[in-house]
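Where a number appears in this text, it was derived from the coordinates with a stated rule and is not lab data. This is a predicted model, so every value here is computed, not measured. A quick note on method: Cβ atoms are made from the backbone with ideal geometry, for glycine too, and the neighbour counts reach across all protein chains shown.
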Amino acid sequence: MGDAEELTELVEHLCRMTRLEPFEARRVVEEVLAYLSESPAEFITRRHAELQREGHANAEIFRRLATELGQRRFAAPPLSERQIRRLVYG
C-alpha cells in the first residue's frame, strides 16, 4: 500500500463511504498503516509500557504479551517470557 495512487484511491473510497473529509480519511489510513507496520519488538515495547501504566505486574504482562503476539497480523515466532523480557530491558 506504499503506492501513492493506491493510497489516494483508498482515501477517496473512505470519503465516499463515510462522512470523512479527505484530510481526515488520509490521516485514518496513515494511522492504520503505521499500526499494521509495527514490528514485534516495537509492539512489545509499546504494549509493555501500556500495561505497566495500567498497573499490571511484569509476570502477568509477559504472559499476556506472549499470547497477544500470536493474535497480531505479523508473523512473530513464539517468544518465551524470557525473550520478551530481553526485548523490553535489553
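Before moving on, here are some points about what is shown:
- For the chain, the longest principal axis of the Cα atoms and the long axis of helix 4-17 meet at an angle of about 80 degrees.
- Cβ-placed point charges (K, R +1; D, E -1), dipole of the chain about Cα centre in debye, nearest 20: 660 debye
- Selection of chymotrypsin sites (Phe, Trp or Tyr not before Pro), region 5-90, meeting DSSP coil and at most 13 other Cβ within 10 Å: 74
- Degrees between helix 58-69 axis and first principal axis of the chain (Cα, 0 to 90, nearest 10): 40 degrees
- Cleavage-rule hits (trypsin sites (Lys or Arg not before Pro)) in region 1-79: DSSP loop, at most 15 neighbouring Cβ within 10 angstrom: 19, 72, 73
- If the segment from residue 37 to residue 49 were pulled out straight at 0.36 nm per residue, it would be longer than the present Cα-Cα gap by 2.4 nm.
- Scattering curve values for the chain, log₁₀ I(q)/I(0), Debye with Cα scatterers, q = 0.21, 0.22, 0.23, 0.25 Å⁻¹: -0.90, -0.95, -1.01, -1.14
- Straightening the chain between residue 82 and residue 18 buys 18.6 nm, computed as 0.36 nm per residue apart minus the Cα-Cα spacing.
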